[in-house]
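The values are calculated or read from the model by the stated rules, or taken from the named source; none is laboratory data. Since the structure is predicted, the reported quantities are computational estimates derived from the model, not experimental observations. We place every Cβ from the backbone using ideal geometry, glycine too, and count neighbours over all the protein chains shown. We work out accessible area using only protein heavy atoms, side chains counted, and drop any ligands, DNA or RNA first. Shrake-Rupley method; radii C 1.70, N 1.55, O 1.52, S 1.80 Å.
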Amino acid sequence: VKQKWVFKVKRNRVFRARLVACGYSQVSGVDFTESTSPVVNDTTFRIPLIVMLMWKLDSVLVDVETAFLVGDLDEEIYMECPERIDAEDDK
C-alpha cells in the first residue's frame with residue numbers, strides 16, 4: 001500500500017505530521033477481498049431527528065470521522081517505505 005506524509009499547523013502554532021496509508025492504491029482480490037463501510041440511510045437519520053424536534057429533546061453531536069481510526073485488523077498490512085528511510089537500517 002502506498003503512503004504519504006500529511007503536515008498540518010494547528011491553531012496554537014504546533015506542527016503535526018502523520019504518515020497516512022493511501023487506500024486508493026489497493027487492488028481488489030489482491031490486497032482485499034471485500035470492503036464494507038457503515039453508512040446511514042436518510043430515513044434512519046431523519047426519523048430520530050423529527051422525534052427529537054417534536055418532543056423538544058436536546059441532542060449531542062458525535063464525531064463519526066474518528067470511528068475508522070481505531071479499527072482492529074486481522075490481516076497484515078504491507079506499506080512502502082517512506083522516502084529517505086531505509087528498511088534495512090531497522091534490521
**Prompt:** Under a point spin-label approximation (7 Å from Cα along Cα-to-Cβ), what is the residue 46-residue 22 distance to one decimal in nm?
**Reply:** 3.9 nm
**Fill in**
Which residues qualify? For residue 3, with a placed amide H closer than 5 Å and at least 5 residues away or on another chain, they are 22, 80
**Item:** Rounded accessible area of residue 74 (nearest 10 Å², 1.4 Å probe)
**Value:** 150 Å²
